[in-house]
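This report refers to the structure that appears directly beneath it.
Read-outs: derived from the displayed coordinates by stated rules, not from any lab. Values in this document were obtained by computation on a predicted structure and should not be read as measured data. Virtual Cβ from ideal backbone geometry, glycine too; neighbours counted across all protein chains shown.
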Amino acid sequence: MRLTTLLATAAAVATVSAGVAAAGTLDDVKARGSLSCGVTTGLAGFAAPNDQGRWEGLDVDMCRAVAVAIFNDPDAVTFTPTTGKDRFTVLQSGEIDMLARNTTWTFSRDVNLGFEFLGVNYYDGQGFMVRKDLGVNSAKELDGAAVCIQTGTTTELNLADFFRANNMSFEPVVVETGDQARQAYEAGRCDVYTTDASGLAAQRAGMSDPSAHKILPEIISKEPLGPLVRHGDHQWGDVVRWTLNAMITAEELGVTSANVEEQSANPSSPEVARLLGSEGDLGEQLGLSTDWAKNVIARIGNYSESFERNIGVNTPIGLERGLNALWRDGGILYTPPFR
Amino acid sequence: MATETLATPRRSSLWTDQKFRSIFFQALTIGILGFAIAFIAHNTATNLENRGIASGFGFLSNTAGYELENTLIPYNSTDTHFRAFLVGLTGTLFVAFFGCIVATVFGFILGVLRLSHNFLINRVAYVYVEIVRNVPLLLQIFVWWAILLALPVVRESFYLGSGMYFYNGGLKAPSPIFGDLFWMTPVALFVAIGAAIGIGRWAKKRQDATGETFPAFWTGLGLIFALPVMTFFATGAPLEWEVPTLGRFRFSGGLAITDMFLALLIALAAYTAAFIAEIVRAGILAVNKGQTEAAYALGLKPNWTLRLVVIPQALRVIVPPLTSQYLNLTKNSSLGAFIGYPELVATIGGITLNQTGQAVECILITMAVYLTISLSISAFMNWYNRSIALVER
């Protein structure tokens, strides 16, 4: 009798746990009242707590934008710091709803790991940083050098490929976190520090003497970084995808946090009207409120505002827009229309 | 009616039967356990499938694509994940083997020092043991690595003589290049060891029979040393050294002992030695003072007393807990992943896991390997323990 009850309970539990995986993440998030978002353990400009302990950065803005789209509250987010190594497990296990952690969109991650990438919020590429006094001007001169790498990234594969393709050898120093890699590089244990070029700029800004290091011109890989969610929940995927698209489209249409109220009342074009919810029901189609995108622009800003605030030329990171400019400005940011 | 009731003995419930109850509850326990395991396995498999995560061990034969430095077996980025796993396995075994040896030697010395009558020596050993065994090992590994990283950079290496350099990347030494006839030297060594054992047996037999002693130890030692050396020079010294040379960035050629290996080895040995010291101290104190006095009374010299009476009895107390320390050291070597030492958790449980995303499979392999290594060490130590155990007649 007791055993039968146990069996029945266990069967019920099994059904429930299998059910959780398939249930709507959007409903779960709404029921919980906050979004759970995976970010880095700390990379200046992308995701790092400021001196008041508030998370800031380009990836953090992505999380906050989704929270605003759902709750109209940029603080309805729980940030979960993840390492390069555990980020995928944390997302797979359902501990977080989305991951915005400088994660490169690759075939195997998209297909084999059971994830869905929803766009690109930063087009990056892997670069090299060396000490200026080594007198190195090109990555092709690095034969025999010791290279500091953080484990669990696409970086170590690109690095091996690049050196092999150029018939060069190197001595890898593979450590667990980006900070440790920087520590080993600063101690002179390695001659070269390699990671995504944006990360190099961020790490250099934190070194004792940033001017003693230089970033080599070679970019050896394509690193489209973007937010991702678990595969299979298309409604949730759409929410995150179109939140990102809304921020980029807002820049394209000239809608900023400063003029969004005015644009909403007096749309300058039909697409602005559809984006901001003055016309049509795009928000409802996503399962959100009509003015979701208007809230995102009002509270977070458009893509350009987020970029310039976190990693732009006027910040210590000092990155140019480059590839990340709009298509009409010489970059490759291009979103499908809001229609 | 009444008589019938009396004639039938009262049916005792099965529950009051102790034998039945014990079997029932054991069966129930096994059943629940089996069910729980099956449930976890099924749930994992179902959820992996629901989330579209591929599973299986096929990824082991795919190209690994990443580089590892200073591997004990040849490896490069075009080899498979399985090969990377073997690199990790040899790395773990290598550091665990030397760690156990260094920890044992250092631990025994410390343990004896703890018993010293000299106040200063005694206290220094005591303070060392208390500090080292009460600080988390991971921190100690980081500290040792930080100390090594603070050494001069490669272009300002310390030159230790004979082609050896010491810098913040570890130790660089000349590597041997063996000539054609070099194989005869190790053969000579084995022959000498065999002969030394033979002489020892013969000497013991003769001493048992006639009482005459023979300096078998010194003869054997002389033989083991002299025969290979003579062979080496007789074959024309077929050995050359490749000295490491400093290139534009790093040394090329020669043997390397990396800073990660050194930091891990020192930390593991220093940490485990503190525990072994206490075990050794307890073992020696466990031998009754009367044993020593009895040995003296029989006229045994002090060092014979130690060798023939005290140590054999102390070992019986020391060996079982020593086994646990070896197991701990081996498992603790997994912390080497944090400073980039290529061992199991860094390769199959780290980079491979990450690049392939096969978390369940990689962790299963890693756990199975640690279990196998630990059980092997246990089996060996149990055998050794039996061989020194008290044989009762």
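Summary table below
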{"quantity": "Amide hydrogen neighbours beyond the local backbone of residue A:122, cut-off 5 Å, H modeled", "calculated": "A:225"}
{"quantity": "Calculated FRET efficiency for the pair residue B:389/residue A:54, C-beta based, R₀ 60 Å, to 0.05", "calculated": "0.40"}
{"quantity": "Axial C-alpha extent at least 30 Å, average Kyte-Doolittle at least 0.5 - helices from chain A (DSSP)", "calculated": "A:2-22"}
{"quantity": "Residue of A:136, A:260, A:120 that the Gaussian network model of chain A assigns the largest fluctuation, springs spanning Cα pairs under 10 Å", "calculated": "A:136"}
{"quantity": "Distance cut-off 38 Å, percentage of C-alpha pairs in chain B lying past it", "calculated": "45 percent"}
{"quantity": "Amide proton proximity set for residue A:38, modelled H, under 5 Å, gap of 5+", "calculated": "A:80, A:97, A:98, A:99, A:100"}
{"quantity": "Total formal charge among the other residues, if their Cβ is under 13 angstrom from that of residue A:326, Lys/Arg +1 and Asp/Glu -1", "calculated": "-1"}
{"quantity": "Spatially proximal lysines relative to residue B:331 (Cα-Cα < 23 Å; intrachain offsets below 8 disregarded)", "calculated": "A:85"}
{"quantity": "Rg/Rg_globular for the range A:42-141, with Rg_globular taken as 2.2 N^0.38 Å and Rg from C-alpha atoms", "calculated": "1.32"}
{"quantity": "Chain B: calculated mean residue ellipticity at 222 nm from DSSP helix runs of at least 4, using -39500 (n - 2.57)", "calculated": "-21000 deg cm²/dmol"}
{"quantity": "Under 18 Å from the residue B:112 label point (7 Å along Cα→beta-carbon), backbone N, the range B:238-275", "calculated": "B:273-275"}
{"quantity": "DSSP loop GluC sites (Glu not before Pro) with at most 15 other Cβ within 10 Å: longest gap in chain B", "calculated": "B:1-211"}
{"quantity": "Among B:248, B:155, B:133: highest mean-square fluctuation, GNM of chain B, C-alpha pairs under 10 Å", "calculated": "B:248"}
{"quantity": "For the protein assembly as shown, Cys with no neighbouring Cys Cβ under 4.7 Å", "calculated": "B:100, B:362"}
{"quantity": "Qualifying lysines (Cα of each under 30 Å from Cα of residue A:132; at least 8 residues distant if same chain)", "calculated": "A:140, A:214, A:222, B:172"}
{"quantity": "Gain on full stretching of the segment that runs from residue A:143 to residue A:218 - 0.36 nm per residue minus C-alpha separation", "calculated": "25.5 nm"}
{"quantity": "Hydrodynamic radius by Kirkwood, which averages 1/r over all alpha carbon pairs of the range A:117-270, in angstrom", "calculated": "18.0 Å"}
{"quantity": "Ranked list, fewest to most other Cβ atoms within 10 Å of each Cβ, for A:39, A:313, B:319", "calculated": "A:313, B:319, A:39"}
{"quantity": "Sorted by Cβ neighbour density within 10 Å, fewest at the top, the residues B:206, B:386", "calculated": "B:386, B:206"}
{"quantity": "Per residue convex hull volume, Cα atoms of chain A, in Å³", "calculated": "164 Å³"}
{"quantity": "Nearby lysines by direct alpha-carbon distance to residue B:301 (threshold 20 angstrom, same-chain neighbours under 8 apart not counted)", "calculated": "B:204, B:289"}
{"quantity": "Estimated distance in nm for a label pair at residue B:212 and residue B:98, the labels positioned 7 Å out from Cα along Cα-to-Cβ", "calculated": "4.7 nm"}
{"quantity": "Contour excess over end-to-end distance, with Cα ends at residue B:368 and residue B:143 and 0.36 nm allotted per residue", "calculated": "78.0 nm"}
{"quantity": "For the protein assembly as shown, convex hull volume per residue from C-alpha positions, Å³", "calculated": "281 Å³"}
{"quantity": "Under the span-like rule (Cα at least 20 Å along the axis, Kyte-Doolittle mean at least 1.0), DSSP H helices of chain B", "calculated": "B:81-114, B:119-133, B:216-234, B:259-285, B:359-388"}
{"quantity": "Förster radius 41 Å - calculated FRET efficiency between residue B:43 and residue A:279, Cβ distance, rounded to 0.05", "calculated": "0.30"}
{"quantity": "Among A:302, A:324, A:166, residue whose mean-square fluctuation peaks in a GNM of chain A (springs only between Cα atoms under 10 Å)", "calculated": "A:166"}
{"quantity": "Helix-derived mean residue ellipticity, 222 nm - over chain A, DSSP H n ≥ 4, -39500 (n - 2.57), to 500", "calculated": "-12000 deg cm²/dmol"}
{"quantity": "Label point distance in nm, residue A:95-residue B:230, each placed 7 Å from Cα along Cα→Cβ", "calculated": "6.7 nm"}
{"quantity": "Residues B:279, A:311, B:40, B:363 arranged by fewest to most Cβ contacts within 10 Å", "calculated": "B:40, B:363, B:279, A:311"}
